[in-house]
1. Around Ala70, with a cut-off of 13 angstrom between Cβ atoms, what is the net charge of the other residues, counting Lys and Arg +1 and Asp and Glu -1?
2. Exceeding 23 Å between C-alpha atoms, which entries from my cross-link table qualify? They are Lys22/Lys94; Lys39/Lys68; Lys22/Lys68.
3. If you take all C-alpha pairs in region 15-87, what percent of them are over 22 Å apart?
4. Around Val45, what is the net charge, scoring Lys/Arg as +1 and Asp/Glu as -1 over all other residues with Cβ under 14 Å from its Cβ?
Amino acid sequence: MRRVLGKISGLLSNRNMVGVDKSGNKYFTRMEEVDGIMKEKRWVVFKGEDDPTSIPVEWICWLNGQRKKAPTPEEMMELEARRERVRQNVALLKKEEEERRAKEGSTGKRVSTGKVAGPDLKSFIRQIPVDSEGSAVEESSGARDSLRSSQENKTEKEKVEPESSEPTGSGATFRPGTWQPPT
């Protein structure tokens, strides 16, 4: 019983408060011997309910040992101001996007649904010069047929020659340490 009370009193008296965040959570550290090695133990005491989502990212990094020094109050204020500027910029960009969409809707343009569409083939076809008889269209369809047939021939060749899944190598002639990268 004496040993347990000694450990509890050691925990309470041997801790150093490192800082407090804006939610009122307090952060502590102490040196502790683990397997004969002195290690720093870090923890948080929550104000009110134990809500881990109330811990700022900087303090999480410190608790996990990703930061050696605890965040300072000045650093926390700078980061909070930066986050507020980012929130304001996001709100401004959303407002501009809504205005742009409303303007496109009033001019009769198609409003984007947020889905990615394929290429606009109508504008591509308009770029092809066409004679009054339509000979360019016939040539392009012939070129398209020849391209299609060459692609079909390639796929047939690939089907005829199935690739082995077995590794290939130099086998008995291989000597360790003789490989050189190609130049």
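1. Working: positive: Lys26, Arg42, Arg67, Lys68, Lys69; negative: Asp21, Glu40, Glu58, Glu74, Glu75.
Net charge in that neighbourhood comes out at 0.
2. On the way: Lys22/Lys94 29 Å; Lys39/Lys68 13 Å; Lys22/Lys68 21 Å.
Lys22/Lys94, as the Cα separations exceed 23 Å there.
3. Values: 717 of 2628 pairs.
It works out to 27 percent of all Cα pairs.
4. Numbers: positive: Arg15, Lys26, Arg30, Lys41, Arg42, Lys47; negative: Asp21, Glu49, Asp50, Asp51.
Taking every Cβ under 14 Å from that of Val45, the sum is +2.
We did not get these values from a lab; they are worked out from the coordinates using the rules stated. Treat the numbers as computed from the prediction; the structure is a model and nothing was measured. As a convention, Cβ positions derive from the backbone with ideal geometry for all residues, glycine included, and neighbour counts pool all protein chains shown.
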